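Undergrad: Let me begin by handing over the structure; questions about it come next.
The values are calculated or read from the model by the stated rules, or taken from the named source; none is laboratory data. These figures come from a predicted structure and were not determined experimentally. Cβ atoms come from the backbone with ideal geometry, glycine included; neighbour counts cover every protein chain shown.
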Amino acid sequence: MQSTLRTRLAAAAMLLVPVGALVAAQPAAAQHRDRDGDRYHSQRFDRRAPDIFDVTPDQGDRVSERGLTRIAARFSDDRSGVDPRTVTLRVDGRDVTRHARVDGNDIRYADNLRPGRHFAEVLVRDRAGNLARRSWAFNVVDRDFGRYGYGYGRNR
């Protein structure tokens, strides 16, 4: 009877070890405190997408074509946090993320864009999987296009 009990306990212990390893291998949810000071797991309760702000150039801006056009955006998520692996930047529908620099809570990219209207889009997910998307358009103008139109503003 004792050997049968020992065998069953040993078999049960062998089954529990892999289950414990699976639980330990899962990423822990970020813990925060709510306004009352109680802890909560933000991934479970986070249903809000991250914020995307400070886009450059701004919507409708006119940018001179001299040199590189710099495109940037900042983002944040004060709940589960932004997942930096999910940040995507598209310029004129083309994914340029691998040529951009993602640092903490911002993305920066520079390219020699031709004169004309251009579209930028940033997509960001937080660690809870919520998606934020921000799109905007700006114009790259010929360097001879000054404040008052062609030919003005250039040493005349």
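Undergrad: Can you pull out the strands (runs of 3 or more DSSP E) entirely within the range 45-86 that have at least 1 residues that are under 18 Å from residue 98 (Cα atoms) and in contact with an Asp or Glu (Cβ under 7 Å, 6 or more places away or on another chain)?
TA: 69-76
Undergrad: Test of understanding: among 123, 68, which residue is at pLDDT below 95 and of a type in the set (A, V, I, L, M, F, W, C)?
TA: Numbers: 123 fails: at pLDDT below 95.
Within the list 123, 68, the selection yields 68.
Undergrad: Could you list, in sequence order, all residues of the range 71-87 that are within 9 Å of the chain's Cα centre (by Cα) and surrounded by fewer than 18 Cβ atoms within 10 Å (Cβ to Cβ)?
TA: 74, 76, 83, 84, 85, 86, listed by residue number.
Undergrad: Identify the residue in the range 93-105 that is outside any helix (DSSP H, G or I) and loosely packed, with under 15 Cβ neighbours inside 10 Å and, among all such residues, is modelled with the lowest pLDDT.
TA: The initial filter retains those residues of the range 93-105 that are outside any helix (DSSP H, G or I), namely 93-96, 100-105.
Applying the additional criterion that residues be loosely packed, with under 15 Cβ neighbours inside 10 Å yields 93-95, 101, 103-104.
Working: 93: 98, 94: 98, 95: 99, 101: 98, 103: 93, 104: 87.
Ranking the candidates gives 104 first.
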